1. For region 373-396, enumerate the residues that are out of contact with any helix residue (DSSP H, G or I) (no Cβ under 9 Å at 6 or more places or on another chain) and at pLDDT 80 or above.
2. Applying the selection to region 397-440, what residues are closer than 20 Å to residue 364 by Cβ, modelled with pLDDT under 85 and not in a strand (DSSP E or B)?
3. Report those helices (runs of 4 or more DSSP H) wholly inside region 529-628 carrying at least 1 residues which are modelled with pLDDT of 90 or more and in contact with a helix residue (DSSP H, G or I) (Cβ under 7 Å, 6 or more places away or on another chain).
4. Name the residue that is surrounded by the most Cβ atoms within 10 Å (Cβ to Cβ), counting only residues in region 694-703 that are more than 16 Å from residue 665 (Cα to Cα) and at pLDDT 90 or above.
5. Can you confirm whether residue 448 is in contact (Cβ under 8 Å) with a residue 40 or more places away in the chain and outside any helix (DSSP H, G or I)?
6. Among the residues of region 720-733, are any in a helix (DSSP H, G or I), over 30 Å from residue 514 (Cα atoms) and either over 57 Å from the mean Cα position of the chain (by Cα) or modelled with pLDDT of 90 or more (or both)?
7. So which residues in region 328-344 are within 14 Å of the chain's Cα centre (by Cα) and buried (at least 17 other Cβ atoms within 10 Å of the Cβ), if there are any at all?
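The values are calculated or read from the model by the stated rules, or taken from the named source; none is laboratory data. Nothing here was measured: the structure is a model prediction, and the numbers come from that model. Methodologically, a virtual Cβ is constructed for each residue, glycine included, from the backbone with ideal geometry; neighbour enumeration extends over all protein chains shown.
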């Protein structure tokens, strides 16, 4: 039995040692090959610059050890570059085959036979045949990105020596080496032979010693074995007496000591186990408590981090991405679009007449309106089938708010340019639907400017500038529309900027003047009033009409100051006429919606008090849109103006809201029939009926009537016959400066003209 055990152990030890030597030699060789292939820069250098001769020389040095059968270099995409030797005489699997079955444990190593079938990678596999190989596939890396533009050799070597070169590596190819297992076995065979000889010698010595000991101490040892078995099984807890000679008794004493020690140890272990259990339970409780506290702290930090990110990158009012996030993400999208040769569009939206709504209904209503606009834009973009979303779901910036009433929409990877127009039309349609804000039904429209990348610009600022320019042109062309940027707009934008700068200086330079158009009572032939019309005498461009600079003044926030100037100058002119003995019963001044603020009444009173002018000589003309925003506030403001003694007129009646119920609530003195109705009254019976209805309504409310825009005898006849006797239009006079108005104020000036008109009409 002992002999069998010794022989078996010797064989196992020699086999294990042989396998260990074989594996150590294999691992040493593979490590050497890996270091040579991966850590030397010349291999990647020659592959990157396609230096086949140097690459072949380097590859030949790698396959010089006798176990290495051949070496192959592939491109990163799998293409064969070269193999050494050229005809290895062995079928070689391709890279996908070699890499397909790789496991995490073999580190790129795979063992195959000559037909490419997997075989054992250990010593038994090496002993079974000469056509078995280790196939080692290693990546060839570089600090230079192979997809980037080619660099020089000096730049390549410089990049490899930089500190960061070891951190950022790019795979440019693969090195495949085949190691013959039988050749490797021959390399390690001397070591294996020495190990086997040592094991055999050790086995012989053990056998000789075993035979000697068996004859001398077999019986005592048997008794001691039983004692040891009792100890091993745990059945002996008390010492046992054993006789059989001095050595046996000594061993028995030692074993009995072991029994005593084990017994004492068990007792101590029981005590220690109890103490340990108590400490473990206490520590576990403490750790559980600390873990809960840590989880709570982590959640608080996470919530705080999310709040800070939202504050930094998202608009607090609309929850849309703000300018910061928009700029960062658009910059990234532009780079990706440039790299992938894609088309990107930026839509710049500005709400038409938002300031008027904000000033009329208050900032809280304006905020509600902006929030609703943001929601409608987001929904419209999500529903659009031509809008691409982005890979990162946490960083979508389809719709952003840059600030105020300015929004942007980004369209990425456009399939066709007409897709931009489709989305723009959807946005306009979505925003044009009425909105119920604080009990008021409001209609808001956007003006949209579109810029395309890379056609118009390829950076954030340039794209924003182009889309902003296109937006201003869309607003100037009639609002509620969209325009795509054109280079010609830049010149117009420069002209606009120049006009803005000149307009800021116009009042200080006394370039603004008032023209007056008389209002003639056809029954007496006298001028009963005159409408003051603002004009701009530009030093270089000459006379600029109001339709070109009034909207500009509104956008620049100058309309309030400019409107107050008109009121003051008109009142001064009435005083000037009065000092000359010339009577101008009243002067009418148009009031902009942006001018009609809560402080308007106070400003009018201040002007009247400053000039000490009779309030009855001042008439304020307001459009329906000015007073219809917040009717309760408008009624109160108009009542305060009436208390000052000024007269109030509704201008362009019928072109806006046209609500009779509202009109009856306002303390008005006069109603002006818009020129469009005057023209239509002579063109259709329906138009004539509408004008007669307006006149009848005004008469029922006790309002004075003024028909403006009368130019022909037919228009004059219809209006006077219908009951509108006060006429304003080119029939009598176009708007003229104050010095030319003065002779027109003579009582007899228009009497002869009216007499001639009546004669022609009734002829």
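1. Listed by number, the residues that qualify are 374, 375, 378.
2. Within region 397-440, 438, 439 meet the criteria.
3. Where helices (runs of 4 or more DSSP H) fall fully within region 529-628 and carry at least 1 residues being modelled with pLDDT of 90 or more and in contact with a helix residue (DSSP H, G or I) (Cβ under 7 Å, 6 or more places away or on another chain), they are 559-579, 600-611.
4. 695
5. In short, yes.
6. Looking through region 720-733, at least one residue is in a helix (DSSP H, G or I), over 30 Å from residue 514 (Cα atoms) and either over 57 Å from the mean Cα position of the chain (by Cα) or modelled with pLDDT of 90 or more (or both).
7. Selection gives 329, 330, 333, 334, 344.
Let's see how each residue does on (1) part of a helix (DSSP H, G or I); (2) more than 30 Å from residue 229 (Cα to Cα); (3) under 60 Å from the mean Cα position of the chain (by Cα):
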| residue | (1), (2), (3) |
| --- | --- |
| 253 | yes, no, no |
| 259 | yes, no, no |
| 269 | yes, no, no |
| 275 | yes, yes, no |
| 282 | yes, yes, yes |
| 291 | yes, yes, yes |
| 298 | yes, yes, yes |
| 307 | yes, yes, yes |
| 317 | no, yes, yes |
